[in-house]
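Shown next, in structure tokens, is the structure this report addresses.
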Amino acid sequence: MEAVDKQVLTSVIATVQRDITHPYFTSVLRQTDDTLIQRGGNKGLKIYDEIERDGKVFSALQKRKLAVIGRPWQVDPATNSARDMAAAEMVKRNLMRINFDTITLDALDAILKGFSVGEIIWAQDGKEFVIDRIMPRNARRFTFDLDYKVRMLTWENLMIGEALPERKFIVHSFGGKDGSPFGLGLGTRLFWPAFFKRQDISAWLVFLDKFASPTAVGKHPSGAPDSEIDRLLEALQSIAQETAIAIPENMQVQFLEAARSGGSDAYERMARYMDEQIEEIILGDAGGKQSGGAIAAAAITKKEVRIELVKADADLLSDTLNNTIAKWLVEINMPGAGVPRISRIVEEPADLVAKSERDRNIFEIGYRPTLKYIHETYGGEWEVVPSVVLKEVAPITEPEFSEADPALFADQLALDGAINDKKLQPFAVKLLQPMIDALTKAASFEEAFNALAEAYPKMDTEALADMLARAEFVAQLTGRQSVKDEIGV
């Protein structure tokens, strides 16, 4: 076996400098977004701002962003140690100070443009450095060097920009496939549907102007001088703005009615189709046209897709914040402490009816949930039922039989002898084995509880049910024969 060259394994071979698909100028990278390269011109990312002016684009993007902001957020400590928990509280205080939802909304601009930039304004509160505010910055002002570090373009340095200090700027990237900090936003896919829709509406307006109202035609005598023709044209042009005009007596004005009707439907269908494409690009599924049961299925699929998009957006942004805000706050104020994790809770409400049925089934086989589990699962206020109340409930009494006369139980004793512990044991072991295995592998009560819920449907009751059915059949025959013997039949 060949020796392993550890130096080769730990080095980077496919560097940016050797990347034939990623051009760079001197020491900075260049955009690889084909839409920006071909259509951006001198505007660059500004063309994506123009796309966002489209009502459908803006509406769908807002839905996607607000779906993330609408989820609650939390800060979890790295461990349960006192120092790590204090670090988590410190990060949480800073996020509450800067209005975390607003910062999230600004950072999610990367969904459209590929990346977003925010500048941190630090302040000192006693011995602690805190984040006073985070100001969103126009992404057009920034570029990246070959080490993927952000640089700011200035009037003094428009080509390669200026190096920026550490722990000062937050860059959130979206959609890049090769690790490029520029990312690849949805703008590159939205450009053409928005462009075609804009062209379609422009043509639609011309169509309406031409065919929705009659065209004025002026007639002048043959050989009329140019001055009179110009006066006639001025009169015709003023028809669009004025309700009345004055023309010379020897001139005529007529109106040509539109001979075409229904042509605007094509423009409307085109506009709606482009809206569907825009919605599908941003929200994952435009729905389309379904009927019958397909409507419900499409609605479920659409909801699931959007939940996945929300979770993906929230997780990507959380990774950025954990590597910047959370990390920098801990490094500055509590060096050595574990970096807490910022996250959004993106979960659909649990089906409490199904969960309660599962809990009841587990309770019936001998396990009960803790009060903490009930609070976390079902919410509301709960308290343990006092034992004195349980004692006041009248117990179900069994009929009493005298043990003095075993003859009264001869038949029952025979049945008891036929089904003894040794015969029931194999069936009981086979029945309970899945539950025993689940409990053996569980490391905590919660794991045991969930494992039992999964093991319950796997319990093999067929053999035990078969034996009990046979016993019941024998018992019926024995009972009937006993009655016949008593009455002498």
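The values are calculated or read from the model by the stated rules, or taken from the named source; none is laboratory data. If you're wondering where the values come from, they're calculated on a predicted model, not measured in any experiment. Cβ coordinates were reconstructed from backbone atoms using ideal geometry, including for glycine residues, and neighbour counts include every protein chain displayed.
What the table below lists for this structure:
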read-out	value
Residue in region 187-207 that is β-branched (Val, Ile, Thr), under 29 Å from residue 30 (Cβ atoms) and under 28 Å from the mean Cα position of the chain (by Cα) present	yes
Residues satisfying the stated conditions in region 33-78, i.e. surrounded by fewer than 18 Cβ atoms within 10 Å (Cβ to Cβ) and within 17 Å of residue 329 (Cβ to Cβ)	74, 76, 78
Any hit, region 161-178, residues being farther than 24 Å from residue 98 by Cα, in contact (Cβ under 8 Å) with a residue 24 or more places away in the chain and aromatic (Phe, Trp, Tyr)	no
Test: residue in region 70-77 that is touching a Phe, Trp or Tyr at 6+ places or on another chain (Cβ under 9 Å) and farther than 27 Å from residue 307 by Cα	no
Selection from region 35-65 of residues that are free of Cβ contacts under 8 Å to residues at least 12 places away in the same chain and within 27 Å of the chain's Cα centre (by Cα)	49, 50, 53, 55, 58, 59, 62
Pairs where the first residue, in region 347-361, is closer than 23 Å to residue 314 by Cβ and the second is modelled with pLDDT of 80 or more and surrounded by 10 or more Cβ atoms within 10 Å (Cβ to Cβ), C-beta under 9 Å, 6+ apart	347/71; 347/307; 347/311; 348/307
